[in-house]
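Accompanying notes for the structure given below.
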Amino acid sequence: MIDKFILPRNCTYTEHDWKIFASFWHPVIFVNDIPDDKPARAKLLDQDLALFRTTQGVTVAKDVCAHRGTPLTLGKVENDRLVCMYHGFQYDCTGKCVFVPSMGENGRIPARLKLKTYKSVERYGIIWVCLSDDEPLRPLPEWPLLDDKEFGSIYYLPNLDFDCSCTRLIENFCDNAHFGFVHEGTFGNKAGSVVPPLEVVETDDTLCYEMDYVECRRKLGDPEVNGYTNVNYVKHLTYPFAVDLKVTDKETGSETHYYNIDSPVSTKKTRGFIIAQTNADYFTEAELIEYELAINMEDKPFVEGQRPEESPLNIGDEVHVPADIFAVRFRRALREKFGIQAKEYIT
């Protein structure tokens, strides 16, 4: 059961689709963004969350005190307990209430005084959450290179928030036909706008394809092209919204990965998590982060302007061309593999 199937307040999903998405792992916060002395706030699938750190690790709870419904994120963490600052109730790492000030040290605390907590795991410097009480539909993405300290440098980009759905944002990240138009200020090459036939390889958990491309080398703020680079892209999606983009420089052999994981805040809001990993030595950390953020800002007005915000999963609702094969396969998988129906969303 999922919290007795009670949807979050003002939920933008249908009950049917919310239950499906709630059964996946989703990223909600970078581990380093959780302070030691107070809970951190996050939102997933319209559900407000409180994340707090104890000596036992990170606990993820519904952001509601079990006593009077006050947001837990107004509280603090003290003596290895989460303290609700409305009446001072204290909760341990399991969400159990262990002290009520108005009852004193010997008070008999009602068993029902327990927070609603969720499954969570720390992986790749991120806290992942599954809102379902059942087993997750799919495993976390397997990215062993992030555990290889010898490969190269790892950089964590600031969170990026978009006023669009996860499906639109993932499709944009895995689309190559827009490069020469949207990314004229960064790497896009309009002369390379023809997308070759793509072979999308599908497993039960993933979609993957590769493509060669000629990137333009530009300095930010400088429209002049400084050179061209032959690269190979491999884009590997783990359902529902996690993509490992491997970019190989075919001239130097250097390799850069952009791990792009999108988190569904609601049907119309998405929080993006990006981890970059590279063994290239021709840019600094600051330069890589600045460039990647600039690329995302080029995408932002286009993905936020799409209507409907959620990708229509009925393939006939939009017109497709051969370059859209990944999006078509992605939409079919969401609908046929997992049963998600785009027309059930509230608009």
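Remarks
- Being touching a helix residue (DSSP H, G or I) at 6+ places or on another chain (Cβ under 6 Å), open to solvent by 30 Å² or more (accessible area, probe 1.4 Å) and assigned to a helix (DSSP H, G or I) holds for only one residue in E287, E298, and it is E298.
- Filtered by the rule that a residue be small (G, A, S) and under 28 Å from the mean Cα position of the chain (by Cα), region 185-209 gives G185, G188.
- Filtered residues of region 117-135 (kept if part of a loop (DSSP other than H, G, I, E, B) and open to solvent by less than 30 Å² (accessible area, probe 1.4 Å)): Y118, Y124, G125, L131, S132
- Of all residues making up region 314-331, the number that are at pLDDT 95 or above and in a helix (DSSP H, G or I): 10
- Taking region 188-209 as the range and being open to solvent by less than 70 Å² (accessible area, probe 1.4 Å) and either among the small types (G, A, S) or not in a loop (DSSP other than H, G, I, E, B) (or both) as the test, the residues that pass are G188, G192, S193, T206, L207, C208, Y209.
- The single condition among (1) open to solvent by 20 Å² or more (accessible area, probe 1.4 Å); (2) under 24 Å from the mean Cα position of the chain (by Cα); (3) under 30 Å from A286 (Cβ atoms) that D212 does not meet is (2).
- Residue match in region 167-178 (condition: over 24 Å from the mean Cα position of the chain (by Cα), at pLDDT 95 or above and over 23 Å from E290 (Cα atoms)): no
- Residue within region 302-313 that is at pLDDT 95 or above, more than 18 Å from D175 (Cβ to Cβ) and open to solvent by 40 Å² or more (accessible area, probe 1.4 Å) present: no
The values are calculated or read from the model by the stated rules, or taken from the named source; none is laboratory data. This is a predicted model, so every value here is computed, not measured. Please note: Cβ atoms are built from the backbone with ideal geometry, for glycine as well, and neighbour counts cover all protein chains shown. Areas reflect the complete protein model, heavy atoms only, side chains present, ligands, DNA and RNA absent. Shrake-Rupley method; radii C 1.70, N 1.55, O 1.52, S 1.80 Å.
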